[in-house]
Each structure stands twice: as structure tokens, then as C-alpha cells.
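Novice: Before anything else, here's the structure in question.
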Amino acid sequence: MSHTLLSGNEAAARGAWEAGATVGAGYPGTPSTQALEVFARMDGVYAEWCPNEKVALEVAAGASMGGARSFVTTKHVGVNVAADPLMTLAYTGVGAGLVLWVADDPGMHSSQNEQDSRNWGPFARVPVLEPSDSAEALTFVREAFELSERFDTPVIVRVTTRIAHSKGAVEAGERLEREDARPYEKDLGKWVMMPAMARARRSSVDERVEQMTRFAEETKLNRVEMRDTALGIVTSGVCYHHVREVAPDASVFKLGLSYPVPGEALRGFAGSVDRVVVVEEADPYLYSRLRIEGVEVDPIPLPHAGELTPGLIGRALGHPQPEVREAIDVPPRPPLMCPGCPHRGAYYALKKAKAIVMGDIGCYTLGALPPLAMMDSCVCMGASVGMAHGMTLAGHGSTRPVVAVIGDSTFVHSGITGLSDAVYNGGSATVCILDNRITAMTGHQHNPVTGKTLQGADAVEMDLEALARSLGVERVRTVDPHDLEASVEVVREEVVADEVSVIVFRAPCALLIKEPEQPYAVDDEACTACGACIQLGCPAISTVEGRKASIDITLCVGCGDCVQVCRFSAIELTGPACDIGGV
């Protein structure tokens, strides 16, 4: 055994490896991304980024069916995409162990909603484990594989951003040496969920829940810490550590297995203390489960939105908290697209066209913010295409063009079906695929468009234009978004078409360019302070005393977008290229 410092994501990957998992699958999504990336670097494993989470779970299910322990990583909204196979895999059960590492995002640091994945436990009738730190992330994932095989079920290990990204001391162990994949045996009653077989498996699901509930009463994943009996706190996850900080004398029932809950043990705990409260983030999940089990719970004023902090918990428990200094009044710093981002040129062209823009999930979502302010919706992965088609059905498009913007990875994830629908049903929206050659916002992961796999192997590079044509799109154009004149012209021509058209804006993410172009600077004498370059929203461009433009050459990557919008030739190249700025 050796001790090391790992994040929750890193510890989960280590736990899967130690458990003998050989197959990993997922789709990148903060805060879970790092787990699969780390697993992919382990010895003796195969890992892949899939087009979406549904496919990832299906790949893992097939590997599990074939006898290989399999590890799936996803953020909370990704479970929605994987829900179709998940709900039925709860019926089929598994072959070798199948574990889902699911990272929720209380506070929505990088997400469009704040759903609580613990609810998948009772909904799908699959067990849910909740580690509270990195050390438990490793041991719980390792244990989850054992439980998966013991109870013939997929297992969810649910964490939050705070655990996924925070580091803690972990005791690393050795890899479990397992024999190669178990020999597969044909079993229609287990794996073929036609109605007759599914009805038979339905009863096995209830039997499993009963077995798991008995297990919950005795497992060391749950533990009781008796101290002062005046107050008993039921909690799980990172909230356990907050509770120990603000209420060190309270008795605590720490749930590591949050579905199913141990009703008998919880009732016994409640009977041993004067007052029971629940401390949990997001939904009142544990509160509701305790009430179902007949435990009298004293409600406390904790918010259900956002992350909990020791201060919030302390105040809810009536404990005096130290005074918090008032926030310093500093200028806001809204997120912006990077200097040289190719999406900027696409939005410039759409702004010229006065388009209604249905948005999607990716770096380009930042185009919704000023000064570009060129996005009208953002709902979920792939929604832009279907929503653009729907907007035209509502009668829009005659006075202002209706456009969908979607990234290359997001298009493959769930935009293809929307495009198929729009073409099939005679739509007229314009679909702009912003192909920056990478899955950028989550940290530059490869996808079927990039020509590389997660583990660095060469792969077939999806031809987006050919794919669009194969779906029946006759008007398909490709343009470099850094060529603003060409971009404006292509958009102008396509948005007036009375049929679905596709524009592929193709240029690499600025952070992929290892040697940036020569930076630009502003000629103060020629600048008229018209503000055209400022409207691009490039972080390298600012104003001097609120008037004339200035370019920070340590940030400029020399994309030249600003040169093209300046009508007074006030932006020019600096001296010989030097190693400054950019990426």
C-alpha cells in the first residue's frame, strides 16, 4: 500500500483499475471528464470517448455482458442521455461488474441545471453509493464492482463537483488480478428484454432491492458516529465533512449507500437521539427517504439550490458563525471566448444577418453574452437543431432568419437526429456546425471528427459535409470563420434558402495552435474610437480611457479578425514575430 494525493476523479479511476476493470467509456463533461482520461492512462485497460453517454453505457453493457468489468463516466445531465439503456439494464443485470461514475454539479459551475442524480436510485432501482472524499471515491468504486456482480446490477457512484475536483490523501492498492473475460453464455431470459422476458425480470428487480435493503442494514459503507445525543445528523457526501466541522459534538449517521437506505438502522439512530436533522445538498432526497421509513425529521432552513458551505449549515443548525467580510466591489469579469477563437467570426456573420440563433452546449455558448449577444436559447446537447426547426414552424424565418449553432462534438453527440428530422419534414432553418477540430470546453478531448481516439490512436475522421448530404441536405457550404467577408457572404446566401442548409465553419480552436501568428497593435493616430473592433468581444482588445482601442500583444494571437472590421486601417502588425502571447 502507498499513500498519494488524488482528486476524486483520479481516485475513482484508480479504484476502477484496482477492481480489475478493463473497459472504460464515456463522454466528456465537467466535472466528470478527468476520471476517464486518467483511467485511459492505466496499464491493461481500453478506454474510449463515445459520441454520447447513451452509446458509452451501451458499450460498457456489451463489455460487461462479455465478461469484462466496465467503467462509465458521465456528468449528471449525461445520465439523462443514458437513461434509456440504464432503465433496462436494471432489468437485465450485468455480466461482469458495471459501474457508473456520475458527477453532479451543485451551484451549476459548468452546467445548465442542478439535478440530483441520487434520484436515479429509486427510479431505476439500482444502488447508489456516495463517497465523501477522494479516499472513499477509490474504495467505493472498488466496492461498487463487487456489489454489481454480487447483486447482478449496474451501480451508480454519485459525487459532486467539490469531491470530483478536490484532492485528498488516498491509500492506493494493487490491481485485482482477474482472469480474462468470463466465457459468455447465451441467456435469452436475462438479456433479451422482449415483454415476456422483461415481465419475468421485473420480479427479479424487486427481489434485488429487498436483498440490497438487507445489505444496507449491515454494510460498513454506512456508519454511525455516536457523540452527544442531543442532536443526530443524517448526511452523505461532502456534507459529512461540513457537518463534522460545524457540529463536532453531534451524533452522525453517515450514509455511503444512499439507495436503498437502511430503514431499521435509521429508526434505531433516531431513537437514540433527541432530535434528528438531515444535511444534504440539492434535492431533499434523504429527507424524503427518512420520512418514508417513518423517521421523524426536524426540518432546518437549508437552501436546496447551490452548494452548501459550513457557514450555511452552521447557521441552519443555530450555531454562531464568524462574521464574513463584505465582498470587495470589483468590476465584473464575464467569461469570454479566447483571443483568436474561430467562433467569433461565425457570430460576426450571424449578427450581420440579424439572425435568431438557437444555441447549444459548448464554448460557443459564450456568444450569448455581450458584446456579441448572439444566442437566443441554450437548453441541452443537440437542442439547437430541433429548436431552430420548431422556431420556423411557429412562423419565424420570413423577416429574420432562424439559425442553429452547434459544435462538431455536440453535433455528433445529438445533433444528427435533429438535422435528419428537419430535412425529413421539409424544414428551412440554417444549421451552422462550428467545427473547431476538438471538444474544447471540457479540455480538448477527441471526438469522431478529430481523427484521434482517447488513447491517441489514429481514427477515421468523420466527414461532416458528406454526412449532411447523406441526410438529404443539398445546400452544404464550408467556410473559414476567420475570413469574415466570406463568412458574411455564405450566411447571407444560405439563410434565405427555403430549405434546410448547413454551413460548416471550420478552423481550429485557438488553443490548438502551438505557434500563434504575429500579434497586432493599434495605431493611435489612425484609430477613430468607432468601437467596431471592441464589438468582436476579443479579450486582447480594450479601450484607452474609454475611447480608442488598444491591443494587448501578450494576448493577441494574430488571427486578424479585428483587422478586417477596422474601416480606418488603424490595426497593423507589430514588429518581427516573437515568443509572446497566445497559446
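The values are calculated or read from the model by the stated rules, or taken from the named source; none is laboratory data. Note that the coordinates shown come from a computational prediction; the quantities given were computed from them, not determined experimentally. Every residue, glycine among them, receives a Cβ derived from its backbone with ideal geometry; neighbour counts consider all protein chains shown.
Novice: Would you point out the residue of the range 133-156, among those that are over 20 Å from the mean Cα position of the chain (by Cα) and among the hydroxyl-bearing types (Ser, Thr, Tyr), that is nearest to residue 176 (Cα to Cα)?
Specialist: 139
Novice: Looking only at the range 206-252, which residues are of a type in the set (Val, Ile, Thr) and either within 18 Å of residue 267 (Cβ to Cβ) or more than 30 Å from the chain's Cα centre (by Cα) (or both)? Spell out the reasoning first.
Specialist: We begin by selecting, within the range 206-252, every residue of a type in the set (Val, Ile, Thr); these are 209, 213, 219, 224, 229, 233-235, 238, 243, 246, 252.
Correct list: 213, 219, 224, 229, 233, 234, 235, 246, 252.
Novice: When you scan the range 554-562, do you find a residue that is part of a loop (DSSP other than H, G, I, E, B), more than 17 Å from residue 344 (Cα to Cα) and not polar (S, T, N, Q), even just one? Break it down stepwise before answering.
Specialist: Initial filter on the range 554-562 (part of a loop (DSSP other than H, G, I, E, B)): 554-560.
Those left that are additionally more than 17 Å from residue 344 (Cα to Cα): 554.
Next, from what is left, pick out any that are not polar (S, T, N, Q): none.
No: zero hits.
Novice: Further question: Among the numbered criteria (1) within 21 Å of residue 487 (Cα to Cα); (2) modelled with pLDDT of 95 or more; (3) among the small types (Gly, Ala, Ser), which one does residue 367 miss?
Specialist: Unmet condition: (2).
Novice: Among the helices (runs of 4 or more DSSP H) confined wholly to the range 1-100, which include 1 or more residues that are among the β-branched types (Val, Ile, Thr) and touching a Ser or Thr at 6+ places or on another chain (Cβ under 9 Å)?
Specialist: Numbers: elements: 8-18, 33-40, 53-65, 76-92.
Fully inside the range 1-100 and qualifying: 33-40, 53-65, 76-92.
Novice: Further, regarding this structure: If you go through the range 502-528 one residue at a time, how many are without any contact (Cβ under 8 Å) to a residue 60 or more places away in the chain, surrounded by fewer than 15 Cβ atoms within 10 Å (Cβ to Cβ) and hydrophobic (A, V, I, L, M, F, W, C)? Before you say what the answer is, go through the steps one by one.
Specialist: The initial filter retains those residues of the range 502-528 that are without any contact (Cβ under 8 Å) to a residue 60 or more places away in the chain, namely 515, 518, 520-528.
If we keep only those that are surrounded by fewer than 15 Cβ atoms within 10 Å (Cβ to Cβ) too, we end up with 515, 523-526, 528.
In the following step, the residues that additionally are hydrophobic (A, V, I, L, M, F, W, C) were identified as 526.
Number satisfying all stated conditions: 1.
Novice: Using the structure shown, decide if residue 461 is assigned to a loop (DSSP other than H, G, I, E, B) and not aliphatic (A, V, I, L, M). Quick ask: steps written out before the conclusion?
Specialist: Details: assigned to a loop (DSSP other than H, G, I, E, B): yes; not aliphatic (A, V, I, L, M): yes.
Considered against the rule, which asks whether it is assigned to a loop (DSSP other than H, G, I, E, B) and not aliphatic (A, V, I, L, M), residue 461 comes out as yes.
Novice: Here's another thing I want to ask about it. Here are the criteria: (1) hydrophobic (A, V, I, L, M, F, W, C); (2) under 30 Å from residue 497 (Cα atoms); (3) not in a loop (DSSP other than H, G, I, E, B). Tell me which single one residue 341 does not satisfy.
Specialist: Checking residue 341 against (1) hydrophobic (A, V, I, L, M, F, W, C); (2) under 30 Å from residue 497 (Cα atoms); (3) not in a loop (DSSP other than H, G, I, E, B), the one that fails is (3).
Novice: Moving on to the next point. Please determine, by comparing only the residues of the range 293-302 that are under 32 Å from the mean Cα position of the chain (by Cα) and of a type in the set (A, V, I, L, M, F, W, C), which one is surrounded by the most Cβ atoms within 10 Å (Cβ to Cβ).
Specialist: To start, the set of residues in the range 293-302 that are under 32 Å from the mean Cα position of the chain (by Cα) comprises 299-302.
The next check asks that each one be of a type in the set (A, V, I, L, M, F, W, C); those that pass are 300, 302.
Working: 300: 16, 302: 19.
Ranking the qualifying residues of the range 293-302, first place goes to 302.
Novice: If we only count strands (runs of 3 or more DSSP E) wholly inside the range 229-322, which ones have 1 or more residues that are among the β-branched types (Val, Ile, Thr) and over 20 Å from residue 120 (Cβ atoms)?
Specialist: Per the criteria, 250-254, 276-279.
Novice: Continuing with the same structure: Output the residues belonging to the range 468-481 that are surrounded by fewer than 21 Cβ atoms within 10 Å (Cβ to Cβ) and either out of contact with any helix residue (DSSP H, G or I) (no Cβ under 7 Å at 6 or more places or on another chain) or assigned to a loop (DSSP other than H, G, I, E, B) (or both).
Specialist: Taking the range 468-481 first, the residues surrounded by fewer than 21 Cβ atoms within 10 Å (Cβ to Cβ) are 469-478, 480.
Listed by number, the residues that qualify are 469, 470, 471, 472, 473, 474, 480.
Novice: If you take the residues in the range 146-168 that are in contact with a strand residue (DSSP E or B) (Cβ under 6 Å, 6 or more places away or on another chain) and under 22 Å from residue 202 (Cα atoms), which one is surrounded by the fewest Cβ atoms within 10 Å (Cβ to Cβ)?
Specialist: Looking at residues that are in contact with a strand residue (DSSP E or B) (Cβ under 6 Å, 6 or more places away or on another chain) and under 22 Å from residue 202 (Cα atoms), I get 147.
Novice: Taking the stated definitions as given, is residue 499 of a type in the set (D, E, K, R), assigned to a loop (DSSP other than H, G, I, E, B) and in contact with a helix residue (DSSP H, G or I) (Cβ under 9 Å, 6 or more places away or on another chain)? Outline the logic, then answer.
Specialist: Values: of a type in the set (D, E, K, R): yes; assigned to a loop (DSSP other than H, G, I, E, B): yes; in contact with a helix residue (DSSP H, G or I) (Cβ under 9 Å, 6 or more places away or on another chain): yes.
Considered against the rule, which asks whether it is of a type in the set (D, E, K, R), assigned to a loop (DSSP other than H, G, I, E, B) and in contact with a helix residue (DSSP H, G or I) (Cβ under 9 Å, 6 or more places away or on another chain), residue 499 comes out as yes.
Novice: Still on this structure, please answer the following. What are the residues in the range 303-330 that are among the small types (Gly, Ala, Ser) and surrounded by 11 or more Cβ atoms within 10 Å (Cβ to Cβ), if any? Before the answer, list the steps.
Specialist: We begin by selecting, within the range 303-330, every residue among the small types (Gly, Ala, Ser); these are 305-306, 311, 314, 316, 318, 327.
Selection gives 306, 311, 314, 316.
Novice: Between 379, 403, which is of a type in the set (A, V, I, L, M, F, W, C) and not in a loop (DSSP other than H, G, I, E, B)? Reasoning before the result, please.
Specialist: On the way: 379 fails: not in a loop (DSSP other than H, G, I, E, B).
That would be 403, the only listed residue that is of a type in the set (A, V, I, L, M, F, W, C) and not in a loop (DSSP other than H, G, I, E, B).
Novice: Scan the helices (runs of 4 or more DSSP H) fully inside the range 116-205 and keep the ones with 2 or more residues being touching a Leu at 6+ places or on another chain (Cβ under 8 Å) and closer than 14 Å to residue 237 by Cα. Walk me through how you get there before you give the answer.
Specialist: Working: elements: 120-124, 134-151, 161-165, 188-191.
By residue number, 134-151.
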